[in-house]
Amino acid sequence: MRLILASQSPRRHELMTAAGYQFEVMLPSETAECGICSRESTPELVARLAYQKAIDVAGRVTGSATIIACDTVADIMGRVLGKPEDRRHAEEMLRLLSGRKHAVYSGLCVLEVPGGEPQVEVSKSELEMARLSEDQIESYLDSEAWCGKSGAFGYQDGHPWLQLISGTSENVVGLPVDVLQRLLGTAG
Ligand SMILES: Cc1cn([C@H]2C[C@H](O)[C@@H](COP(=O)(O)OP(=O)(O)OP(=O)(O)O)O2)c(=O)[nH]c1=O
């Protein structure tokens, strides 16, 4: 099976490789990841964005292939936290998450071209962040480890102040591998 990962995310590339998949990479265009709908729930948002990324890449694929696309956001009390725009934005997110539970949702879209029906699933993981001290916030912001990560943190960086309560860590880091295996029919 020819797999195409529609993602520029280094974490998704690593997770696909670790799961034993061989794949090509095609980048979704910036416009694939847009469109705000205020009545949309967080699961609906990640499902739609994953679908849009897959469709965007499908339009440029020649030959037959299976396209894999994802979108990941953090959600705290219904408020969506995407990738921070700058340090100030990252700080705002960290202060919001500090000392609280939150969820991370990933939408996954698997689409066979030509002619396949898109399969879209949403996975949820719950996490709890310990209350961060001012020093912890400053040094984390200085490290720039927040760049390009939804909610301004990287679970994969192994912070002792971040605990996984439910769901999988792969889902938090951007690719629910268990769901992908099931959709591709390669589980177990
Ligand atoms: C919550 C969390 C997210 N992330 C990353 C995964 C994604 O790269 C990013 C969420 O942004 P996305 O918009 O889902 O993905 P992306 O823009 O990085 O890549 P593409 O659209 O091309 O697929 O946040 C982590 O690396 N660790 C985490 O703990």
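Structure values in brief
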| item | result |
| --- | --- |
| Only listed residue being more than 16 Å from the chain's Cα centre (by Cα), within 15 Å of the ligand (Cβ to nearest atom) and either within 18 Å of Q181 (Cα to Cα) or surrounded by 15 or more Cβ atoms within 10 Å (Cβ to Cβ) (or both), chosen from L81, L49, L96 | L96 |
| The one condition in (1) open to solvent by less than 40 Å² (accessible area, probe 1.4 Å); (2) touching an Asp or Glu at 6+ places or on another chain (Cβ under 7 Å) that I76 fails to fulfil | (2) |
| Residues satisfying the stated conditions in the stretch 16-46, i.e. β-branched (V, I, T) and surrounded by fewer than 18 Cβ atoms within 10 Å (Cβ to Cβ) | T17, V25, T31, I36 |
| Tally of residues being within 23 Å of M1 (Cα to Cα) and open to solvent by less than 60 Å² (accessible area, probe 1.4 Å) across the stretch 172-188 | 9 |
| Subset tally (residues that are more than 22 Å from Q8 (Cα to Cα) and either in contact (Cβ under 8 Å) with a residue 12 or more places away in the chain or within 10 Å of the ligand (Cβ to nearest atom) (or both)) for the stretch 142-159 | 1 |
| Unique residue being free of Cβ contacts under 8 Å to residues at least 40 places away in the same chain, open to solvent by less than 60 Å² (accessible area, probe 1.4 Å) and small (G, A, S) when the list is S106, S169, S133, S139 | S133 |
| Hits in the stretch 146-166 (condition: aliphatic (A, V, I, L, M) and open to solvent by 30 Å² or more (accessible area, probe 1.4 Å)) | L164, I165 |
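The values are calculated or read from the model by the stated rules, or taken from the named source; none is laboratory data. From a predicted model like this one, the values you see are computed outputs, not experimental measurements. With ideal geometry, Cβ positions are generated from the backbone for all residues, glycine too; neighbour counts draw on all protein chains shown. Note: accessible area is taken over every heavy atom of the protein model, side chains too, but ligands, DNA and RNA are not part of it. Shrake-Rupley method; radii C 1.70, N 1.55, O 1.52, S 1.80 Å.
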